[in-house]
């Protein structure tokens, strides 16, 4: 797998923004990516030094959808999330905009 295949997208949430102040960034990653692959991909794409990688497989929630008079049930997709800790003093900017520190 190539670096761009491993890192799917950044997670822009309230908790991710708060952790960015401590140099921890959260990403959606490929479900079969290992911690070592994630570390190398982040270092290659963003040119930073990764200290630690934590991963978690998030299971999709069951949902009930109502459309008109019909109720159907379904599930959100499962995904893998990685929290990457960078060396002190480094940060990640996406497209010239630092989404993580606002």
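Quick note: the coordinates plus some simple rules give every number you see, no bench work behind them. The structure presented is a predicted model; accordingly, all values stated were derived computationally and were not measured. Cβ placement follows ideal geometry from the backbone for every residue including glycine, while neighbour counts extend to all protein chains displayed.
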I need 17, 1 ordered by Cβ neighbour count within 10 Å, fewest first.
1, 17
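Report the FRET efficiency, 1/(1 + (r/R0)^6), for residue 54 and residue 75, where r is their Cβ-Cβ distance and R0 is 25 Å, rounded to 0.05.
Details: r = 25 Å, r/R0 = 0.99.
For R0 = 25 Å, the calculated efficiency reads 0.50.
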How tilted is helix 35-46 with respect to the longest principal axis of the chain? Cα atoms for both, answer in degrees (0 to 90, nearest 10).
70
Divide the volume of the convex hull of the Cα atoms of the chain by its number of residues and quote the answer in cubic angstrom per residue.
129
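Can you give the relative contact order of region 3-86 as a percent, counting alpha carbon pairs under 8 Å and 6+ residues apart?
On the way: 146 pairs, mean separation 28.4, N = 84.
Value for region 3-86: 34 percent.
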